[in-house]
Amino acid sequence: MNKKVMAIAVAGALAVPSAVALAQTSTVQIGGSITAFYYSHKPENASTGQRTDILETSEPNLWFQGEEKLGGGLSVWFKCESSMDGMIQGAGAAMGWCGRNSGIGFKGSFGNLFMGNWDQPQKLVFNRGRQWWGGTNSLTGGSARLLNGGSASGLTNPNSTVAGQNTFFRRQAESWNYHSPSWNGFQVQAAFSAANEQTGIPEANTLSPRMWSLAGHYTSGPLLVSAGYEQHQDYNPGSVLPAGTAGSAYSGGDDNNWTLVAGYRFGAFNIRGLYSRSEYDVTNTTNMKVDGWALWADWAIQGPHTLRFQYAKVDDTEGNSLTTVGIYRPTAAATCGPASATSCASSTGGKLWSFAYSYAFSKRTEGSFVYTKMDNDLNGVHTFGKVASTAGNSQTGMGIVLKHRF
């Protein structure tokens with residue numbers, strides 16, 4: 001984002017007991033971006049949706065951020081980043097103030113320590129891989145839907161009654177975050193969520209929901225390497241008993257994800273690869289494991305012209321779970337979810353591939369043409385998120401993107 005659009009500097013003097021005037025400078029900036037999609041969407045699911053054209057926004061945002069220098073290299077800062085989907089999609093679209101990356105904290109030579117609603121370190125690792133491509137939208141996204149089970153944005157710690165518990169692509173509310181400075185190209189990021197929800201959980205209950213996330217990044221010239229780990233404690237992705245099983249519902253367990261990214265830029269080419277592994281404690285005695293990987297490549301042909309490519313694949317699930325977790329279906333000899341009688345002994349994965357041509361009208365304005373397709377294996381039900389998928393089908397999208405940053 002262009003952060004030089006508007007800046008207001010206010011300087012003053014504050015009297016202190018020693019009669020020494022301490023100069024304080026406060027800076028406020030305003031910026032944002034607008035991205036509009038117009039595309040053909042073909043879900044190939046006659047029972048739930050027709051082929052149609054869609055006009056929508058993708059993560060348009062408006063942000064205010066400010067910083068006050070306190071002396072000795074220490075600053076206090078804030079940021080409020082809000083969605084602006086309503087500018088195209090109308091009053092029913094998301095318009096929450098400070099619903100995107102927002103927080104307040106201190107920064108200095110030690111790094112940046114802050115509290116707020118922010119992208120977690122594991123997601124920031126994923127973002128270093130995808131870069132231009134979206135994570136979950138229906139035209140340029142989809143890789144995070146395959147590899148991380150979708151996205152959770154602005155959510156608190158889930159328990160068995162809250163949505164978003166099975167996703168590892170998170171903007172976590174009520175979280176503490178630390179981002180270190182760069183030490184010769186190496187940086188550490190860490191975060192954990194406050195356990196606010198425990199005020200509504202009886203003391204006798206074993207649930208204690210909390211999220212932990214950690215990442216390390218290394219950048220040296222054209223090389224980047226990143227690794228991230230995230231753990232969800234008592235997030236209960238299953239929250240139900242397997243069919244035909246007697247006893248009590250799952251009431252504890254740790255779900256986790258590892259994400260690794262490596263990339264290299266040589267000349268006009270920029271290539272990144274990603275590996276992801278998630279493991280869910282579905283019940284006290286059963287689990288589900290999901291592996292996947294992705295590849296992105298950009299070719300800055302000449303001048304304003306760029307070609308882009310993405311490919312992502314999620315493998316068949318592993319483990320002994322008989323319960324569907326989000327879009328991940330069990331590979332054991334059991335039914336795939338409550339509404340299906342299809343046996344899922346294998347072939348529960350899927351893949352995504354996309355091409356894009358981009359033309360930069362200026363440093364802040366870009367237009368693109370995109371074609372993307374998601375293919376399911378025989379028993380896979382992965383989707384772009386607009387229309388549910390039937391086992392083994394595919395979904396396609398083709399259209400244009402216009403993005404402007406201000």
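Where a number appears in this text, it was derived from the coordinates with a stated rule and is not lab data. Computed from a predicted model, the values in this text were never measured in an experiment. Heads up, the Cβs are rebuilt from the backbone with ideal geometry, glycines too, and the neighbour counts pull from every protein chain shown.
Based on the mean of other beta carbon atoms within 10 Å per residue, what is the order of 136-144, 103-111, 149-157, most packed first? Could you put the intermediate results ahead of the total?
Details: 136-144: 25.8, 103-111: 14.9, 149-157: 22.0.
The packing order, highest mean first, is 136-144, 149-157, 103-111.
Apply the Karplus parameterisation 6.51 cos²θ - 1.76 cosθ + 1.60, with θ equal to phi minus 60°, to every residue of the stretch 260-270 and state each ³J(HN,Hα) to the nearest whole Hz, in sequence, with x for glycine and proline.
Couplings: 10, 9, 9, x, 8, 10, 9, x, 8, 10, 10 Hz.
Mind checking the full-extension length gain between THR27 and LEU70? Use 0.36 nm per residue of separation minus the Cα-Cα distance, one decimal, nm.
On the way: separation 43, 0.36 × 43 = 15.48 nm, distance 1.22 nm.
Full-extension gain reported as 14.3 nm.
Rounded to the nearest 500, what is the chain's calculated 222 nm mean residue ellipticity when only DSSP H runs of at least 4 contribute -39500 (n - 2.57) each, over all residues?
-1000 deg cm²/dmol
Calculate how steeply helix 121-130 sits against the longest principal axis of the alpha-carbon atoms of the chain, using the helix alpha-carbon long axis, and give the answer as 0 to 90 degrees to the nearest 10.
In the chain, helix 121-130 runs at an angle near 80 degrees to the longest axis.
Expressed as a whole percent, how much of the Cα-Cα distance distribution for the stretch 96-155 exceeds 20 Å?
On the way: 667 of 1770 pairs.
I get 38 percent for the Cα pairs in the stretch 96-155 exceeding 20 Å.
In sequence order, what are the phi-derived ³J(HN,Hα) couplings for the stretch 168-185 according to the Karplus relation 6.51 cos²θ - 1.76 cosθ + 1.60 with θ = phi - 60°, rounded to whole Hz, with x for glycine and proline?
10, 10, 10, 10, 9, 6, 6, 10, 9, 9, 9, 10, 6, x, 8, 10, 6, x
Kindly put ASP254, ASP53 in sequence by how many other C-beta atoms sit within 10 Å of each C-beta, fewest to most. Can you show the working numbers first?
Numbers: ASP254 14, ASP53 9.
Result, fewest neighbours first: ASP53, ASP254.
Taking the simple approach of a point 7 Å from Cα along Cα-to-Cβ for both ASP53 and GLU203, what is their distance in nm?
Taking the two extended label points, one gets 6.3 nm.
Based on alpha-carbon atoms only, what is the radius of gyration of the chain relative to the globular estimate 2.2 N^0.38 Å? Before the final figure, lay out each step's value.
On the way: Rg = 22.7 Å, N = 406, 2.2 N^0.38 = 21.6 Å.
For the chain, the normalised Cα radius of gyration is 1.05.
Residue separation times 0.36 nm, minus the C-alpha to C-alpha distance between GLN89 and ALA194: what's the value?
Details: separation 105, 0.36 × 105 = 37.80 nm, distance 3.36 nm.
Value of the extension gain: 34.4 nm.
As an exercise, find the ratio Rg/Rh for the stretch 90-230 from alpha-carbon atoms, using the Kirkwood inverse-distance average for Rh.
On the way: Rg = 16.3 Å, Rh = 16.4 Å.
In the stretch 90-230, Rg relative to Rh is 1.00.
If you average 1/r over all unlike Cα pairs in the stretch 27-115 and invert the result, what Kirkwood radius do you get in angstrom?
Details: mean 1/r = 0.0634 Å⁻¹.
Radius from the Kirkwood sum: 15.8 Å.
For the cross-link pairs LYS42/LYS313; LYS313/LYS386; LYS289/LYS373; LYS79/LYS386; LYS107/LYS403; LYS123/LYS373, which exceed 27 Å when the distance is taken from alpha carbon to alpha carbon? Could the numbers behind the result be given before it?
Working: LYS42/LYS313 20 Å; LYS313/LYS386 20 Å; LYS289/LYS373 25 Å; LYS79/LYS386 31 Å; LYS107/LYS403 31 Å; LYS123/LYS373 23 Å.
Beyond 27 Å between Cα atoms: LYS79/LYS386; LYS107/LYS403.
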